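The values are calculated or read from the model by the stated rules, or taken from the named source; none is laboratory data. Quick caveat: nothing in here was measured; it's all calculated off a predicted structure. Note: ideal-geometry Cβ built from the backbone for every residue, glycine included; neighbour counts use all protein chains shown.
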Amino acid sequence: MVTLRPNGTATFGDIFLALAACVAALLVILRRQLPELPKWLWIGTGLLLLAIVLDKVFPANVTDLVETYYPTPYSSSLSTGLRLIAALVILPVTVGILADRESVIRYAVWAWVAGATASCLVAALDGLFGTGLQEALADNKEEVGNFLGAIPPRFVGLGVHPTSFSVTAVMVIPFVLALSRTRNRFLALSPAMLIIAIAVVFSASRVGYLGAVAVAALSLCLNSELRGMLRRPDLRTWGPIAVILGLSVVLLFQGPPAYKTDDSENKSVDNAAARLSSDGGVSDESNNVRVKFAKASVKAIARRPVVGYGFIWIESAHDIYLELMVSGGIFALVGFLLVYLGYIRRGIRLAGKVVGELDGFRVAAVISLGSYLVMGLVQPDLLDRYLYLAAGLIMALATVSAAGKPGSEPDELSP
C-alpha cells in the first residue's frame, strides 16, 4: 500500500519495517547470537557494497545517461544502493528472525494476502463503479489522475504506478493458492482471487499479464495440491475458475465500465487489450521507449562493465538485469543474483523439511520469486520492500525447520 504515506514521504511499510528491524536487533542482542546466515548472503551483500564503493572511487560521466533516460528520482548513489540492500537483505533477515514459529508465518501470509487484496479491491471498485477511491487515497493524486485519464485508463490501486501495482498483485497469487489447500477453502478464497484478477486486468500492464502467465505455469509445475484439485472435476474448483477467467477476459476487451470513453475515435483503444497490440496500437510508444532504453543500456554497459554509473540509475532501463549492470556493473548484477537465487535455492532445498501448510508456503514463495525474475525482463522495480517478502518467508521457514518445528496440518477453520 505504498500510496499511503502518513507524513508525505515514508510509507506505513517503511515505518513498520524500521520498527521490526529494531525488534529483530533487540532479539539478537538478548539472545547473544546472530541467526545462521548462509555464505551466499554474505558474499552477495559484499559484492553489492563493493559496487557502491567503486562508484565513489571511480565516478562516471553520466551526461549520456541523462540525455537517454527519464530524469532519475534518486539523487544519491550511496543511499539508493543501501536502500537496495535494505530491501534485498535486511527485510528477509528481519522476517527470518521474527517469524520463528509456524503461527507467526501463517499470520504473516494472511496479512500479505489481505493487504494486497485491499489494494486490488480499491482498483476493482473504482473501475466497476467509479468510486474515485484511488485518487482520494493517493498521496500522488495528480500522477494517479494522469494514469486514470490515459487511453486505455490504467489503474494503480493503493500503489503508485500501474506496473508496480500489477507486480504486487501477481506476486501474492501463489500464496492465495497455497491457502486454498482444500476445495472448501478454494471456494472461500475465490472472491479474493477474482478481485486480484480484475485489478491486474484494470492495471493495463503487460508486465502483470506476463507475470500471471508465469505464476500459472509455475504453479502447475510445482504446486502438486493444485494439480490434484484440477484433475478431479468439482464445481467448488472449476466453478470459481470459470467465473474468474470469463470475467477477466470480458473486462480485458470491454475495459472498466466506469471509465468508458464517449469519444467514438477512441472506442477501439479504451480497453486493456489494446495494449497487447504492437501494430499501430496504443502500446507503440511504450515499446519504442523500451527498445531505446535497452540499446542505450547495452552501449553504456560496454563502456563501463565493471564499475557502472551509480545506483541513481537503478530503475531506469525497464529491465532489472540491465539496470543492475548500468548502476553497479558486474559486481551489482552478480551480487544481486547470488542473493536472490540463493533464496530460491534455499526454498527448493527445504522440500521435505517443512510439511503441511508450511510446505505450501514454501512452494508459493519459490513461485512468487520466480515470477519476479520473469517480470524483471520488462519492468524496472528493484527497491520496493514488498518484492522481497517471499524471500523473508523462506528465511522464516528455514528458521522453523532448523528449530525442529517443521509444521503441521492446519485446522480447516484456522485463519
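Sort out which residues of the stretch 248-273 are among the small types (Gly, Ala, Ser), modelled with pLDDT of 90 or more and in contact with a Leu (Cβ under 7 Å, 6 or more places away or on another chain), and write them in order of number.
Residue satisfying the conditions is ALA258 alone.
Being free of Cβ contacts under 8 Å to residues at least 40 places away in the same chain and either in contact with a His (Cβ under 8 Å, 6 or more places away or on another chain) or outside any helix (DSSP H, G or I) (or both) is the filter here; which residues of the stretch 323-352 pass it?
Hits for the stretch 323-352 are ALA351, GLY352.
Checking the structure you have, find out if any residue of the stretch 43-55 is exposed (fewer than 13 other Cβ atoms within 10 Å of the Cβ) and either modelled with pLDDT under 95 or closer than 18 Å to MET395 by Cα (or both).
Checked against the condition, which is being exposed (fewer than 13 other Cβ atoms within 10 Å of the Cβ) and either modelled with pLDDT under 95 or closer than 18 Å to MET395 by Cα (or both), the stretch 43-55 yields no hits at all.
So that you can scan it fast, the table gives a plain yes or no per residue for (1) among the aromatic types (Phe, Trp, Tyr); (2) touching a residue at least 40 places away in the same chain (Cβ under 8 Å):
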position	(1), (2)
PRO38	no, yes
THR45	no, yes
LEU48	no, yes
VAL57	no, no
THR72	no, yes
ARG101	no, yes
ARG106	no, yes
TRP112	yes, yes
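Answer yes or no as to whether PRO152 is within 18 Å of GLY208 (Cα to Cα) and surrounded by fewer than 24 Cβ atoms within 10 Å (Cβ to Cβ). Working first, answer last.
Working: within 18 Å of GLY208 (Cα to Cα): yes; surrounded by fewer than 24 Cβ atoms within 10 Å (Cβ to Cβ): yes.
In short, yes.
Going by the conditions given, is VAL104 touching a helix residue (DSSP H, G or I) at 6+ places or on another chain (Cβ under 9 Å) and surrounded by 19 or more Cβ atoms within 10 Å (Cβ to Cβ)? Break it down into steps so the answer makes sense when it comes.
Working: touching a helix residue (DSSP H, G or I) at 6+ places or on another chain (Cβ under 9 Å): yes; surrounded by 19 or more Cβ atoms within 10 Å (Cβ to Cβ): no.
No.
Looking at VAL355 and the list (1) aliphatic (A, V, I, L, M); (2) in contact with a helix residue (DSSP H, G or I) (Cβ under 8 Å, 6 or more places away or on another chain); (3) touching a residue at least 40 places away in the same chain (Cβ under 8 Å), which single condition is not satisfied?
Answer for VAL355: the failing condition is (2).
When only residues in the stretch 107-149 that are small (Gly, Ala, Ser) and within 20 Å of LEU387 (Cβ to Cβ) count, which is surrounded by the fewest Cβ atoms within 10 Å (Cβ to Cβ)?
First, the residues of the stretch 107-149 that are small (Gly, Ala, Ser): 108, 111, 114-116, 118-119, 123-124, 127, 130, 132, 136, 138, 145, 149.
Now restrict to residues that are within 20 Å of LEU387 (Cβ to Cβ): 108, 111, 114-116, 118-119, 123.
Working: ALA108: 19, ALA111: 11, ALA114: 13, GLY115: 18, ALA116: 29, ALA118: 14, SER119: 27, ALA123: 30.
If we take residues in the stretch 107-149 being small (Gly, Ala, Ser) and within 20 Å of LEU387 (Cβ to Cβ), then ALA111 is surrounded by the fewest Cβ atoms within 10 Å (Cβ to Cβ).
Scan (1) in contact (Cβ under 8 Å) with a residue 40 or more places away in the chain; (2) farther than 30 Å from VAL176 by Cβ; (3) surrounded by fewer than 19 Cβ atoms within 10 Å (Cβ to Cβ) for the single condition ALA25 breaks and write down its number.
(1)
Counting residues that are among the aromatic types (Phe, Trp, Tyr) and farther than 25 Å from SER316 by Cα, which helices (runs of 4 or more DSSP H) fully inside the stretch 7-103 reach at least 1?
Because the criterion is at least 1 residues that are among the aromatic types (Phe, Trp, Tyr) and farther than 25 Å from SER316 by Cα, the helices (runs of 4 or more DSSP H) in the stretch 7-103 that meet it are 12-31, 39-57.
Report whether or not ALA169 is within 30 Å of SER224 (Cβ to Cβ), free of Cβ contacts under 8 Å to residues at least 24 places away in the same chain and part of a helix (DSSP H, G or I). Can you show your working first?
On the way: within 30 Å of SER224 (Cβ to Cβ): yes; free of Cβ contacts under 8 Å to residues at least 24 places away in the same chain: no; part of a helix (DSSP H, G or I): yes.
No: the conditions fail for ALA169.
Would you check which residues across the stretch 368-399 are among the polar types (S, T, N, Q) and surrounded by fewer than 24 Cβ atoms within 10 Å (Cβ to Cβ) and list them? Steps first, please.
Restricting attention to the stretch 368-399, the residues satisfying the condition of being among the polar types (S, T, N, Q) are 368, 371, 379, 399.
Correct list: THR399 only.
Select from the stretch 300-322 the residues that are in contact (Cβ under 8 Å) with a residue 40 or more places away in the chain and more than 23 Å from the chain's Cα centre (by Cα) and write down the one among them that is nearest to THR68 (Cα to Cα).
Applying the first criterion (in contact (Cβ under 8 Å) with a residue 40 or more places away in the chain) to the stretch 300-322 yields 300, 304, 306-321.
If we keep only those that are more than 23 Å from the chain's Cα centre (by Cα) as well, we get 300, 304, 306-310.
Numbers: ALA300: 10, ARG304: 16, VAL306: 21, VAL307: 19, GLY308: 16, TYR309: 13, GLY310: 15 Å.
Top of the filtered list is ALA300.
With VAL160, VAL113 as the choices, which residue is outside any helix (DSSP H, G or I) and within 28 Å of ALA178 (Cβ to Cβ)? Break it down into steps so the answer makes sense when it comes.
Values: VAL113 fails: outside any helix (DSSP H, G or I).
The unique qualifying residue is VAL160.
Of everything in the stretch 195-242, what is more than 30 Å from ASP126 (Cα to Cα) and charged (D, E, K, R)? Give them in sequence order.
Scanning the stretch 195-242 gives GLU225, ARG227, ARG231, ARG232, ASP234.
ASN61 versus (1) within 27 Å of LYS295 (Cβ to Cβ); (2) in contact (Cβ under 8 Å) with a residue 40 or more places away in the chain; (3) among the polar types (S, T, N, Q): which is the lone unmet condition?
(2)
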